[in-house]
Amino acid sequence: MERTNAWTAYDEQQAQQVMDLGKKYRAFLDNGKTERECARQAIELARAAGFVALDEAETLRPGDRVFVDTMHKAVQLYIIGEEPMEQGFNIVGAHIDSPRMDLKPNPLYEDGDLAYLDTHYYGGIKKYQWVTLPLALHGVVAKKDGTVVDVIIGEDTEDPVVGISDLLIHLASEQLTKKASTVIEGEALDVIVGGRPLKGEEKEPVKAAILSILKEKYGMEEEDFLSAEIEVVPAGRSRDFGLDRSMILGYGHDDRVCAFAQIVTMLSISGTPRRTCCCILADKEEIGSVGATGMQARYFENAVAEIMEKTGDYSELKLRRALQNSSMLSCDVSAGFDPSYASAFEKKNAAFLGRGVCFNKYTGSRGKSGSNDANAEYLGKLRAIMDDNDVRFQMAELGRVDVGGGGTIAYICALYGMNVIDSGVAVLSMHAPWEIINKADLHEAVKAYRAFLLDA
């Protein structure tokens, strides 16, 4: 069943709302290039909307709003509903980490009168896409005395940028015979950060000059790299894309577009919902949802237990029932149909930019391996909710059957026995330094998540 482009249904006022939402999203994207920065924004917005930290609330009643901060990298927002949580609650969950490069523990070195930072790429990337781009450094340095220093270099218009060089075409005959997967090796993703020697320094003078700059600006010694988390990301701001400004070009749409839609939705809910509403912003999805801030950790389950305890209705059995009786949208992006690479898609079951939020009944790859496969009954219920709330949506698969696939956090939450399905925004050039989404899809995602949280 073919769906039409959402823009055709908007009147002038609705179209302006779509554009205004896109402007707000661009600001969120530009100020949240790392999971820490996204988490910080989410908490600031939540506090401004009346949410309080869970550990600040002694008791909880219907209508109360709380958030949970996990190591400043993962955030949960809750609005307590009228029904006991044992009967289940409604969850939207997205991840806020994106493909990038991370500095190694001992990154700084000098070679050929240039200073470099050595990196280890994070998540699935096409390595050749990251060369000859202006790059920025974002992160934190944790010192031995407990001080944590924020680092952002390359975003201000007066900041310098850094980057990775490529071999000139005149000498690249051998390089050009390699496969795209090996034309740039992982160990070649070293970032050039300096080329001016420090006067009077005989040993590695360019490296010494960089250390001098870091010392002056951040009070940082070379050893402090050992306890730093610094990410290399594309420098520059997101932009309206297309002459009609219908799209947005930016870094990290996967999956900050869904995270933003979730936050906007949660903050728009007034009064007391029937069922408790939950928004999860998780870390580490791009590397398997591992670690203490990934979805495989127990922080979500622990938070639900704490909330039930503070509502005066906790037991281990009730917790298990609450999780099993819940419903979830795993809000992750899907691959947008790209006519330039049509052979990678099965067109009848592809997501198209501009046709609304997309539902993926399953993801995985080659025989649905590793996927969550949503129940038909759950899909039927969601179709009714979307239609009743005039939400434009489409059903999609992530590419042709034997071409590939992808994973989300859906299968992890499904382990509790709850109903889960993937639902997100279609993206062009997914996992590239600069990705593309359609503003109409973001608008429909907000409508979809609100309808789900209040009506599921």
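Looking at the chain, the DSSP beta bridges with both ends there are about 70 percent antiparallel.
Remark: the Cα gyration tensor places the range 385-456 in the oblate category, a/c being 1.5 or greater and a/b not exceeding b/c. Compute the separation of the alpha-carbon centres of the range 370-399 and the range 155-234 and state it in Å as a whole number. About 45 Å separates the Cα centre of the range 370-399 from the one of the range 155-234. Using the alpha-carbon positions of the chain, Rg (one decimal) and Dmax (whole number) come out as 23.0, 74 Å.
Note on residue 203: lysines with a C-alpha under 23 Å away, same-chain residues under 8 apart excluded, are 104, 215, 217.
Once you keep just the Cα pairs under 8 angstrom separated by 6 or more residues, what percentage relative contact order results for the chain? All intermediate terms of the calculation are to be shown ahead of the outcome.
On the way: 995 pairs, mean separation 102.9, N = 456.
So the answer I get is 23 percent.
In deg cm²/dmol and to the nearest 500, what is the mean residue ellipticity at 222 nm of the chain if only DSSP H runs of at least 4 residues count, each as -39500 (n - 2.57), divided by the residue total? Intermediate values should be presented prior to the final figure.
Working: 9 runs with 119 residues, N = 456.
For the chain, the value works out to -8500 deg cm²/dmol.
Among the trypsin sites (Lys or Arg not before Pro) found in the range 299-367, those both in a DSSP coil and sparsely packed, with 16 or fewer other Cβ atoms within 10 Å of their Cβ, are 366. Cysteines of the chain lacking any other cysteine Cβ under 4.7 Å from their own Cβ: 38, 277, 278, 279, 358, 413. Between the helical axis of 376-388 and the dominant principal axis of the chain, each derived from Cα atoms, what acute angle in degrees is found, rounded to the nearest 10? For helix 376-388, the angle is close to 90 degrees.
Does the range 221-278 classify as rounded, prolate or oblate by the C-alpha gyration tensor (a ≥ b ≥ c root eigenvalues; a/c under 1.5 gives rounded; else a/b over b/c gives prolate, otherwise oblate)? Spell out each step's value before the answer.
Working: a/c = 4.24, a/b = 1.32, b/c = 3.21.
The shape class here is oblate.
Compactness ratio for the range 345-413: Cα radius of gyration over 2.2 N^0.38 Å (N = residue count) comes to 1.15. Listed by chain and number, the aspartates and glutamates placed with their C-alpha closer than 14 angstrom to that of residue 310 are 55, 56, 58, 64, 86; residues fewer than eight positions away on the same chain are left out.
Taking a ≥ b ≥ c as the square roots of the eigenvalues of the alpha-carbon gyration tensor, the range 100-234 is classed prolate because a/c is 1.5 or more and a/b outweighs b/c.
Laboratory data are not the source of any read-out in this text; all were calculated from the coordinates shown. Predicted model only: the values in this text are computed from it and were never measured. Counting neighbours? That spans all protein chains shown, and the Cβs are built from the backbone with ideal geometry, glycine included.
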